[in-house]
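**Q** Pasting a structure below so you can have a look.
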DNA sequence: TTTGGCATTTGACTTAAATCAAATAATTAG
DNA sequence: CTAATTATTTGATTTAAGTCAAATGCCAAA
């Protein structure tokens with residue numbers, strides 16, 4: 001998996017100065033306070049958010065309950081994927097759960113850049129592949145692991161981050177109730 | 001979602017004759033008997049399989065049990081994605097569950113073609129996006145629906161196909177036991 | 001047409017996790 | 001510093017789904 005990140009970095013390292021400055025030109029730094037929204041449900045996702053500092057989450061409402069789909073940290077890319085790709089209103093919110101700094105890249109501008117910079121299509125593909133492999137892994141976890149196993153795995157893979165996130169979000173990310181998560185934690 | 005298939009078709013329709021014949025040249029038709037394997041676990045997935053006739057499934061073993069990750073029908077693309085993308089041994093098997101005819105495209109040849117045909121990178125991206133949106137939808141279903149709801153949804157979305165597939169595969173695709181599936185079925 | 005092997009259903013019981021309710025603990029605002 | 005929120009834990013109970021076991025149904029090959 002990490003191999004793939006290397007590929008992405010290698011590609012970016014190979015970009016010429018003109019491509020880099022073009023990318024710079026369509027990106028801008030934004031700051032959000034804890035609790036603020038980078039994207040609301042119902043909005044079409046027209047930007048991607050590269051997290052430079054802080055933590056965000058993606059979630060949607062299901063029968064009055066929040067379902068957290070993704071927790072995003074420094075150097076992650078926050079996008080409501082289906083909305084971004086198909087220009088449909090997003091089912092998901094993207095929310096800052098700490099104060100956050102992001103580099104926000106406009107989708108339309110990026111699409112235009114791709115026309116004259118085929119390397120950027122390649123970049124888009126590699127990033128999408130990365131997210132896709134992450135989704136496959138997550139689906140595998142839902143398909144085969146119990147609540148406790150999923151929590152243990154998360155703890156193993158993201159030990160330091162987890163400390164900064166309220167258990168409600170973690171529980172909903174794992175697809176279990178807050179109480180079950182609390183009980184699981186005592187048994188470890 | 002279907003909009004996205006239209007995009008893919010529009011892109012392909014716009015290919016020039018040379019691109020098309022190049023694609024033809026790196027594809028070959030293969031036939032598999034019911035039960036045979038298009039890909040074994042442990043093999044690196046070096047082809048993609050466009051289903052022209054019949055049904056296949058992707059699955060892996062977990063604690064001696066089969067976990068079906070995907071059921072693929074006519075006009076679907078069967079690939080062990082993570083293996084294909086990262087050249088790692090596949091965790092998944094791809095198996096014909098009826099007699100099957102596929103158009104098998106060599107990955108390396110396709111990668112080479114992409115160098116001189118940037119349109120093909122675009123195709124690759126669109127196909128990957130399509131799969132990614134499907135994964136997001138499937139994850140949503142695991143995250144929020146009960147066994148019965150998942151079955152009902154499958155029944156609604158794939159009514160005719162389901163008839164041709166043993167319940168064991170459907171149960172494992174839905175992430176529930178065979179017995180639970182059987183009971184769910186009587187209550188509909 | 002019978003038989004042996006799958007596929008599916010049904011029954012009894014167990015278990016993981018949800019729900020509802022309340023008690024602590026920890027933060028944050030005034 | 002204390003009150004007021006918010007976060008987390010603990011307890012009692014229910015429920016969805018799993019497991020184990022057996023019965024029945026359904027073909028397909030001899």
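**Q** Checking the condition within 16 Å of DNA strand C (Cβ to nearest atom) and facing chain A (nearest Cβ under 10 Å), which residue from B:167, B:145, B:126 passes? I'd like the intermediate steps shown before the answer.
**A** Working: B:167 fails: facing chain A (nearest Cβ under 10 Å); B:126 fails: within 16 Å of DNA strand C (Cβ to nearest atom).
None of the others qualify; the one that does is B:145.
**Q** Could you please find all residues in segment B:112-123 being surrounded by fewer than 19 Cβ atoms within 10 Å (Cβ to Cβ) and within 7 Å of chain A (Cβ to nearest Cβ)?
**A** Scanning segment B:112-123 gives a single hit, B:118.
**Q** Which of the following residues is within 23 Å of residue B:158 (Cβ to Cβ) and within 14 Å of chain A (Cβ to nearest Cβ): B:63, B:136, B:52?
**A** Numbers: B:63 fails: within 23 Å of residue B:158 (Cβ to Cβ); B:52 fails: within 14 Å of chain A (Cβ to nearest Cβ).
Within the list B:63, B:136, B:52, the selection yields B:136.
**Q** State yes or no: is residue B:129 within 16 Å of DNA strand D (Cβ to nearest atom), at pLDDT 95 or above and either surrounded by fewer than 17 Cβ atoms within 10 Å (Cβ to Cβ) or more than 19 Å from residue B:47 (Cβ to Cβ) (or both)?
**A** No, not satisfied.
**Q** Taking the options A:49, A:15, A:93, name whichever one is closer than 21 Å to residue A:120 by Cβ and within 17 Å of the chain's Cα centre (by Cα).
**A** Going through A:49, A:15, A:93 in turn, just one is closer than 21 Å to residue A:120 by Cβ and within 17 Å of the chain's Cα centre (by Cα): A:49.
**Q** Residue check, residue B:79 against (1) touching a residue at least 60 places away in the same chain (Cβ under 8 Å); (2) closer than 23 Å to residue A:4 by Cα, all met but one. Which one?
**A** For residue B:79, the failing item is (1).
**Q** Continuing with this model, one more query. Given the residues A:91, A:57, which is the only one that is under 16 Å from residue B:132 (Cα atoms) and in contact (Cβ under 8 Å) with a residue 24 or more places away in the chain?
**A** On inspection, the qualifying residue turns out to be A:91.
The values are calculated or read from the model by the stated rules, or taken from the named source; none is laboratory data. Predicted model only: the values in this text are computed from it and were never measured. Heads up, the Cβs are rebuilt from the backbone with ideal geometry, glycines too, and the neighbour counts pull from every protein chain shown.
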